[in-house]
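The values are calculated or read from the model by the stated rules, or taken from the named source; none is laboratory data. Everything numeric in this text was worked out from a predicted model, so none of it was measured. Here the Cβ positions follow ideal geometry from the backbone for every residue, glycine too, while neighbour counts run over all protein chains shown. Heavy atoms of the whole protein, side chains included, go into the accessibility calculation; ligands, DNA and RNA do not. Shrake-Rupley method; radii C 1.70, N 1.55, O 1.52, S 1.80 Å.
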Amino acid sequence: MLIATAKVAEGVTKQLRLNALVAYTATGVLLGPVTGLVELTTELEVLLGIGVFLLFFLVGLDEIDGSAVFASLHGKLVVVALLAFLTPMFFAYCVTSRWIVDFGFGLSDRQALAVATILSLSSLGIVAKVLAEEGRLRDPFGIQIFTTILIIKLMGLPLMGFLVNEDGAELHFLTILTLVAETGCFGVLAYLFSRRVLPPLFVKLKRGLRVPQLSFGLVLGGLFLMVAGAGAVRLHGSLGALLFGAALSGLPYQLRREVVPGMRTIADGVFVPLFFASGGLQLSLALAKFPLGAMAALLVVPVLTKFAGVFFGAVVLRIRNPAAFSTGFLAKGITEIALLLVLLESNMIGEELFSLLMMVLFVYLLALPPLVGVVARRSKPSGAHGLEAAGSSGPLPPSLTRFALADVRVDDFLDRSCAFPGPDLTVREFAEQWVGPHQHEYVVAEKGQLAGLVSVSMLRYLPQSEWSKVPLGDVIRRVSVNVWQDEYAEEVLEKMQEHSLTALPVLDRKSGRLIGAVTSEEIHELITRDTGAGH
């Protein structure tokens with residue numbers, strides 16, 4: 001019920017241009033506290049444990065590119081990142097702890113610091129999508145915000161793995177030194193194992209063993225081994241999953257194509273909706289026990305102090321449009337809510353505080369992205385003396401490429417003058433005149449009408465002695481999937497990955513006639529050209 005209702009609700013909220021997390025959490029509230037149809041059981045908790053690991057694996061795979069971040073750890077962006085992370089964390093810690101004023105949250109130093117860390121993070125995915133919608137992602141303004149948030153995540157997420165460990169001991173000098181050493185050693189070993197050992201092992205096993213979905217099984221097994229390894233050194237398993245995903249972000253394209261679509265289908269179709277719907281199951285009206293002053297402080301202080309910290313750094317470092325630049329760091333998203341659920345599952349916070357923090361994060365989730373969009377739209381594009389003068393952002397993170405396509409439609413790059421092979425060609429004529437190095441499927445047309453697709457890999461089953469006799473029409477296959485000219489390039493790339501195709505026909509939505517074809521190679525070239533030009 002949770003999964004099915006959550007996915008239907010996601011479709012409804014998508015029409016309203018709301019985040020899917022709203023649909024998932026509302027599903028949990030409806031089926032849990034409101035109607036009492038679903039309860040949190042032991043079996044559900046097992047599935048939720050799997051879900052959180054898959055979620056953080058995908059966060060690491062999509063958003064954390066360690067090599068690019070380390071390359072950018074110089075100049076003024078590091079100062080901005082430190083101010084954007086440490087300033088709100090310090091003031092949020094003052095609110096959640098009993099250090100200066102006791103707001104009645106009843107948290108230990110470790111618990112208060114963990115909550116403060118969550119409130120000091122920024123959503124990479126949401127900010128990138130907002131900037132892409134406003135056409136600002138690929139100019140220096142967007143690139144440097146994206147890179148700085150990436151540095152913030154690289155600081156904040158390992159810190160959360162450090163704070164949410166199994167023993168839950170209080171923070172003392174010796175404890176901190178021990179955990180820092182364990183975290184550092186585990187991070188280095190996990191990175192070397194995932195980056196240096198697994199990819200060549202995958203390639204060798206794939207060549208020697210012809211087993212379906214071998215790479216997928218190895219990655220999934222490696223993920224849970226990494227989770228177990230994190231637990232063995234008293235770190236939360238989500239940190240192991242995060243590091244594993246980040247290390248595998250450099251997998252070769254063919255391996256990623258085999259592994260990532262299946263992993264994402266499982267996560268997006270089952271575990272992620274289930275994981276966030278469980279948060280709705282555990283929401284409680286008991287949050288009303290907290291004083292209004294405590295609620296207001298928790299809602300306002302992290303946002304204002306983050307803005308103030310970044311604004312101060314932007315002014316001192318002479319970054320153009322400091323107010324617009326600072327606003328770009330305010331949005332919250334899926335990672336922050338997932339970390340909050342981890343705190344709840346680890347018994348670091350109770351249901352009352354969890355419910356209050358969920359309400360705070362949902363206010364951020366709904367209110368701040370539109371604000372970021374408005375400010376980005378009104379700010380003037382930076383010239384050569386704008387943000388670029390603040391220092392180089394280093395190599396552009398590969399995780400930006402999927403956001404770089406967010407505002408690109410097929411019609412923007414479609415070649416309507418391209419020709420197609422006809423079904424009357426012989427297979428040999430087709431192989432000599434049409435087959436290229438990076439394309440495996442070709443659109444076949446007859447008198448301007450779609451005839452089907454021909455796959456180069458299927459030609460190996462036809463003896464070459466027959467190639468001069470057999471017409472192409474005898475080896476084509478009918479296609480059940482196509483592309484419309486107004487579809488987004490990102491959606492087209494997902495279609496290709498889902499159906500394991502490198503080319504798709506493009507049809508006119510009104511007339512249904514064939515107007516062109518799009519290939520995966522064209523889209524990848526588009527990504528490279530756009531990100532290169534933006535940088």
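Got a sec? Which of LEU86, LEU159 is in a helix (DSSP H, G or I), at pLDDT 85 or above and surrounded by fewer than 20 Cβ atoms within 10 Å (Cβ to Cβ)?
LEU86
In the range 207-224, which residues are more than 26 Å from ILE50 (Cα to Cα) and assigned to a helix (DSSP H, G or I)? Steps first, answer last, please.
Filtering the range 207-224 for residues more than 26 Å from ILE50 (Cα to Cα) gives 207-210.
Those that are more than 26 Å from ILE50 (Cα to Cα) and assigned to a helix (DSSP H, G or I): ARG207, GLY208.
Under 6 Å by Cβ, and 6 or more places apart or on different chains, what pairs join a residue from the range 410-439 that is β-branched (Val, Ile, Thr) with one that is open to solvent by 60 Å² or more (accessible area, probe 1.4 Å)?
THR426/SER468
On the basis of being within 20 Å of ALA419 (Cβ to Cβ), open to solvent by 20 Å² or more (accessible area, probe 1.4 Å) and not charged (D, E, K, R), does SER520 make the cut?
No.
Among the candidates PHE103, PHE56, PHE90, which residue alone is farther than 22 Å from PHE354 by Cβ and of a type in the set (Phe, Trp, Tyr)?
Selected residue: PHE90, the only one of PHE103, PHE56, PHE90 that is farther than 22 Å from PHE354 by Cβ and of a type in the set (Phe, Trp, Tyr).
Of the residues PRO505, PRO463, which single one is over 22 Å from GLY422 (Cβ atoms) and at pLDDT 85 or above?
Going through PRO505, PRO463 in turn, just one is over 22 Å from GLY422 (Cβ atoms) and at pLDDT 85 or above: PRO463.
In this structure, does THR335 turn out to be of a type in the set (S, T, N, Q) and either touching a residue at least 60 places away in the same chain (Cβ under 8 Å) or surrounded by fewer than 22 Cβ atoms within 10 Å (Cβ to Cβ) (or both)?
Numbers: of a type in the set (S, T, N, Q): yes; either touching a residue at least 60 places away in the same chain (Cβ under 8 Å) or surrounded by fewer than 22 Cβ atoms within 10 Å (Cβ to Cβ) (or both): yes.
It is true that THR335 is of a type in the set (S, T, N, Q) and either touching a residue at least 60 places away in the same chain (Cβ under 8 Å) or surrounded by fewer than 22 Cβ atoms within 10 Å (Cβ to Cβ) (or both).
Being part of a helix (DSSP H, G or I), modelled with pLDDT of 90 or more and within 25 Å of GLN282 (Cβ to Cβ), is that true of even one residue in the range 94-108?
Yes, that holds for at least one residue.
What number of residues within the range 208-217 are under 19 Å from SER500 (Cβ atoms) and either free of Cβ contacts under 8 Å to residues at least 24 places away in the same chain or among the acidic types (Asp, Glu) (or both)? Can you show your working first?
Residues of the range 208-217 under 19 Å from SER500 (Cβ atoms): 210-217.
Now drop any that are not either free of Cβ contacts under 8 Å to residues at least 24 places away in the same chain or among the acidic types (Asp, Glu) (or both), which leaves 210-212, 214, 217.
Result for the range 208-217: 5.
Does GLN464 fit the bill of being open to solvent by 70 Å² or more (accessible area, probe 1.4 Å) and within 24 Å of SER511 (Cα to Cα)? Before the answer, list the steps.
On the way: open to solvent by 70 Å² or more (accessible area, probe 1.4 Å): yes; within 24 Å of SER511 (Cα to Cα): no.
No; evaluated as a whole, the condition is false for this residue.
Taking the stated definitions as given, is ILE145 buried (at least 23 other Cβ atoms within 10 Å of the Cβ) and modelled with pLDDT of 75 or more?
On the way: buried (at least 23 other Cβ atoms within 10 Å of the Cβ): yes; modelled with pLDDT of 75 or more: yes.
Yes; evaluated as a whole, the condition is true for this residue.
Can you tell me how many residues within the range 199-228 are buried (at least 19 other Cβ atoms within 10 Å of the Cβ) and in contact with a Gly (Cβ under 6 Å, 6 or more places away or on another chain)?
The number of residues fulfilling the criteria is 2.
Taking ALA338 as the residue in question, decide whether it is modelled with pLDDT under 85 and either touching a Cys at 6+ places or on another chain (Cβ under 7 Å) or more than 29 Å from TRP484 (Cα to Cα) (or both).
Spelling it out, it is not the case that ALA338 is modelled with pLDDT under 85 and either touching a Cys at 6+ places or on another chain (Cβ under 7 Å) or more than 29 Å from TRP484 (Cα to Cα) (or both).
Please work out if VAL79 is open to solvent by 10 Å² or more (accessible area, probe 1.4 Å) and in a helix (DSSP H, G or I).
Answer is yes for this residue.
Check the range 48-65 and report whether any residue there is modelled with pLDDT of 85 or more and open to solvent by 20 Å² or more (accessible area, probe 1.4 Å).
Yes, there is a match, as at least one residue in the range 48-65 is modelled with pLDDT of 85 or more and open to solvent by 20 Å² or more (accessible area, probe 1.4 Å).
Given the conditions (1) at pLDDT below 80; (2) open to solvent by less than 30 Å² (accessible area, probe 1.4 Å); (3) of a type in the set (S, T, N, Q), and given that SER355 satisfies all but one, which numbered condition is not satisfied?
The single condition SER355 does not satisfy is (1).
Restricting attention to the range 19-47, report how many residues are buried (at least 16 other Cβ atoms within 10 Å of the Cβ) and part of a loop (DSSP other than H, G, I, E, B).
2
Kindly state which strands (runs of 3 or more DSSP E) lie completely within the range 421-513 and contain at least 1 residues that are among the polar types (S, T, N, Q). Spell out the reasoning first.
On the way: elements: 441-446, 449-455, 503-507.
So the answer is 449-455.
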